[in-house]
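The values are calculated or read from the model by the stated rules, or taken from the named source; none is laboratory data. This is a predicted model, so every value here is computed, not measured. Note that each Cβ is placed from the backbone with ideal geometry, even for glycine, and that neighbours are counted across all protein chains shown.
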Amino acid sequence: MSWRKLRFGWLDALILAVVAGLVGYVFYRAQSHFHYSWDWRLIPGYFVRHDPERGWILNLLGQGFLATVRLALWGGLLAAAIGGVMGLCRISGSLFLRLLGRSYVELVRNTPPLVFIFIFYFFLSGQLMPVLDVESRIARASPETLQVLALLFGQPDLLPNFLSGLICLALFEGAYVAEIVRAGIESIPRGQWEGAAALGLPPRPTLAKIILPQALRAVVPPLAGQFISLIKDSALISLISIQELTFAGTELAVSSGRVFEVWLTVAALYFLLCFGLARLFRRLEWRLARRRDR
Amino acid sequence: MPDPAGRRASDDRRRRWRTACDGLAFLAVLVGSGWLLYAGASELQYNWQWYRVPQYLGRFEGGEFRAGPLLRGLGVTLELTGWSLLLTVVFGLAAALSQRSASWAGHALARVYVEIVRNTPMLVQLYLVYFVLAPILGMDRFVAAVLALALFEGAFAAEIFRAGIEAIPRGQWEAADALGLSRYAVYRRVILPQAVRLVLPPLTGLAVSLIKHSALVSVIAVADLTTEGRNLIADTFMTFELWFTVAALYLALTTSLSMLASWLERRLPLRGVGNG
């Protein structure tokens, strides 16, 4: 659509009228039937608050937002590792590895995220965390280590919980990454494999030196999209009591009673994060494409 | 990795041997993970009670079949998915058409809708609809769940419809214009009937993801399959048995839908598209 052709037609008028009518009706109902008094003044205080002893500190929403960013970063790295390995398994020459990759991907993609997360959380927190002995390790850690841990993963006493949620999320997203990796490798024309074989290159170096560098280019845009999906799916982790943004929203909505304002703010925060990243990725992609063309 | 071309026939037996080995190794992994699960559970003093599961699916009473909570939950999930799918198609088609229309307001509205839905988590949207919109408009939770699901999937359906419409060759538009058809008639008689065939496979994928996302409405206590499963677990503490049963039911539902989709695809050949 170019702005030159901007004309105000009857369809525009109709659509604007319908939208205005709907929004107006919702606000009218909120006032007249629900007697809701909007009060946005409290919201900034939920991000940062002033503590008499420690100065300005993050409040629930701020901490939650930070936890979501941490989950996204670590979860993204872990999901990329799992997905990379599983994606390579999916196209491997060995039937065993193919079966392994296939069952992982199908299992994850055909169960609801919620059910998957509940089942795995039960396992991870019940079995893996005691095996890794995370809790006593934290108890024994020095204050400096704890500080580093707090910076990287949030409050150390919640670390086992955070790790369980993180692994759940990464296992879940890994299946989608695996499919992206597989599709990327399969998008490389057969001629590349055949050419390498004709030059006497064995399959493994062919994959590493010829196929993967080309596949990387095809894989980056969908991976960026999957990263944004990961941020959105991280909201699910709130249901197993990992204290990220949605969890903070649930707590605040109950404790403060400012239900409408809190949920609108939480939604806006997610939107800013995801939309901002999407724009950033699109820009980077565009610049990369332009550099390649030159 | 594709094998280098020209593999000799004498390798055939070796290859078959390797296939068998791989199959066995995979079986071993399956058995191994099953054993790990079992061992882990017995370490927790877990009491397996698979025999109690069938009664929650349904039972015969006096020669009559009565559905148990799990099957009733499955019914609610299907009902929820059906209504949402219907509404999803409406939202998606409306968004796709207004994005293609000459109206800038329609274009902007569709754009804002798609961007908001795509850049916020489904769970937060569900909370927004259920905690903010539902009390204002006086919706019950089932309606709120259907609306939230449909709003969410509608944004993805919009892309599917847009792609389907744009895949129709230009010649079809031009021919319809040359015949003097109105814009409505072009869509109704020429474009949409052809686009349906293109749109069907991705739309089934959407239906599958709708079934999976419908599990989320257990958060607002709509009595779907997941909610029934969670309630039963709270009552009986049969965590593993019930979650596995619930997951298997979802798996059966999504796989049969995928199979239906590929059957439909074979039945409806691509006609006229691509050579216009």
Within region A:81-99, the residues that are surrounded by 20 or more Cβ atoms within 10 Å (Cβ to Cβ) and farther than 24 Å from residue B:205 by Cβ are A:96
Looking at residue A:46, is it assigned to a helix (DSSP H, G or I) and touching a residue at least 40 places away in the same chain (Cβ under 8 Å)?
-> yes
By residue number, the members of region B:117-140 that are more than 7 Å from chain A (Cβ to nearest Cβ) and of a type in the set (Phe, Trp, Tyr) are B:130
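I'd like to know if region B:152-162 contains one or more residues that are of a type outside the set (Asp, Glu) and either facing chain A (nearest Cβ under 10 Å) or in contact with a Ser or Thr (Cβ under 7 Å, 6 or more places away or on another chain) (or both). Explain how you work it out, then say what you get.
Of all residues in region B:152-162, those of a type outside the set (Asp, Glu) come to B:152, B:154-158, B:160-162.
Filter again for either facing chain A (nearest Cβ under 10 Å) or in contact with a Ser or Thr (Cβ under 7 Å, 6 or more places away or on another chain) (or both), leaving B:154, B:157.
The answer is yes, given that some residue of region B:152-162 is of a type outside the set (Asp, Glu) and either facing chain A (nearest Cβ under 10 Å) or in contact with a Ser or Thr (Cβ under 7 Å, 6 or more places away or on another chain) (or both).
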*Does at least one position in region B:44-62 carry a residue that is without any contact (Cβ under 8 Å) to a residue 60 or more places away in the chain, within 13 Å of chain A (Cβ to nearest Cβ), among the hydrophobic types (A, V, I, L, M, F, W, C) and out of contact with any helix residue (DSSP H, G or I) (no Cβ under 8 Å at 6 or more places or on another chain)?*
no
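Out of the residues in region B:228-261 meeting the condition of being among the β-branched types (Val, Ile, Thr) and either over 14 Å from the mean Cα position of the chain (by Cα) or crowded, with 16+ Cβ neighbours inside 10 Å (or both), tell me which one is farthest from residue A:127 (Cα to Cα).
Initially, region B:228-261 is screened for residues among the β-branched types (Val, Ile, Thr), giving B:233, B:236, B:239, B:245-246, B:254-255.
Add one more test, that the residue is either over 14 Å from the mean Cα position of the chain (by Cα) or crowded, with 16+ Cβ neighbours inside 10 Å (or both), and what stays is B:233, B:236, B:239, B:245-246, B:254.
Values: B:233: 19, B:236: 21, B:239: 14, B:245: 21, B:246: 22, B:254: 30 Å.
For region B:228-261, the residue satisfying everything is B:254.
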Considering residues that are out of contact with any Leu (no Cβ under 8 Å at 6 or more places or on another chain) and without any contact (Cβ under 8 Å) to a residue 12 or more places away in the chain, the number found within region B:206-238 is 3
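Please pick out the residue among B:202, B:193 that is more than 14 Å from every other protein chain (Cβ to nearest Cβ), out of contact with any helix residue (DSSP H, G or I) (no Cβ under 9 Å at 6 or more places or on another chain) and in a helix (DSSP H, G or I).
Sole residue among the options that is more than 14 Å from every other protein chain (Cβ to nearest Cβ), out of contact with any helix residue (DSSP H, G or I) (no Cβ under 9 Å at 6 or more places or on another chain) and in a helix (DSSP H, G or I): B:193.
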When restricted to B:237, B:156, B:161, the only residue aromatic (Phe, Trp, Tyr) and modelled with pLDDT under 90 is B:237
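Residue-wise test of (1) more than 14 Å from every other protein chain (Cβ to nearest Cβ); (2) surrounded by 13 or more Cβ atoms within 10 Å (Cβ to Cβ).
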{"position": "A:25", "(1), (2)": "no, no"}
{"position": "A:30", "(1), (2)": "no, yes"}
{"position": "A:44", "(1), (2)": "yes, no"}
{"position": "A:53", "(1), (2)": "yes, no"}
{"position": "A:56", "(1), (2)": "yes, no"}
{"position": "A:65", "(1), (2)": "no, yes"}
{"position": "A:72", "(1), (2)": "no, yes"}
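If only one of A:11, A:22, A:78 is in contact with a Leu (Cβ under 9 Å, 6 or more places away or on another chain) and part of a helix (DSSP H, G or I), which one is it?
On the way: A:11 fails: in contact with a Leu (Cβ under 9 Å, 6 or more places away or on another chain); A:22 fails: in contact with a Leu (Cβ under 9 Å, 6 or more places away or on another chain).
After ruling out the rest, the residue left standing is A:78.
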Check your understanding: Quick check: anything in region A:119-128 surrounded by fewer than 19 Cβ atoms within 10 Å (Cβ to Cβ), in contact with a helix residue (DSSP H, G or I) (Cβ under 7 Å, 6 or more places away or on another chain), within 11 Å of chain B (Cβ to nearest Cβ) and in contact (Cβ under 8 Å) with a residue 24 or more places away in the chain?
Key -> no
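Can you name the residue in region A:233-246 that is in a helix (DSSP H, G or I) and crowded, with 21+ Cβ neighbours inside 10 Å and is also nearest to the other protein chains (Cβ to nearest Cβ) among such residues?
Let us first name the residues in region A:233-246 that are in a helix (DSSP H, G or I), namely A:233-240, A:245-246.
Remaining after also requiring crowded, with 21+ Cβ neighbours inside 10 Å: A:233-238, A:245-246.
On the way: A:233: 7, A:234: 8, A:235: 4, A:236: 6, A:237: 10, A:238: 7, A:245: 9, A:246: 6 Å.
Across region A:233-246, the extreme among qualifying residues is A:235.
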Those helices (runs of 4 or more DSSP H) completely within region B:73-144 that have 1 or more residues that are more than 21 Å from the chain's Cα centre (by Cα) and surrounded by 19 or more Cβ atoms within 10 Å (Cβ to Cβ) are B:104-118, B:134-137
Q: Inspect all residues belonging to region A:197-204 and state whether any of them is assigned to a loop (DSSP other than H, G, I, E, B), modelled with pLDDT under 90 and of a type outside the set (A, V, I, L, M).
A: no
Taking region A:252-270 and keeping only residues that are modelled with pLDDT of 95 or more and at positive phi, one is left with none
Exception for residue A:102 within (1) facing chain B (nearest Cβ under 9 Å); (2) in a helix (DSSP H, G or I); (3) surrounded by 13 or more Cβ atoms within 10 Å (Cβ to Cβ) falls at (1)
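Keeping to region A:41-79, report how many residues are basic (Lys, Arg) and within 25 Å of residue A:169 (Cβ to Cβ). Step through it out loud before you land on a result.
Step one: filter region A:41-79 for residues basic (Lys, Arg), giving A:41, A:49, A:54, A:70.
Still in the running and within 25 Å of residue A:169 (Cβ to Cβ): A:70.
Of the residues in that region, 1 qualify.
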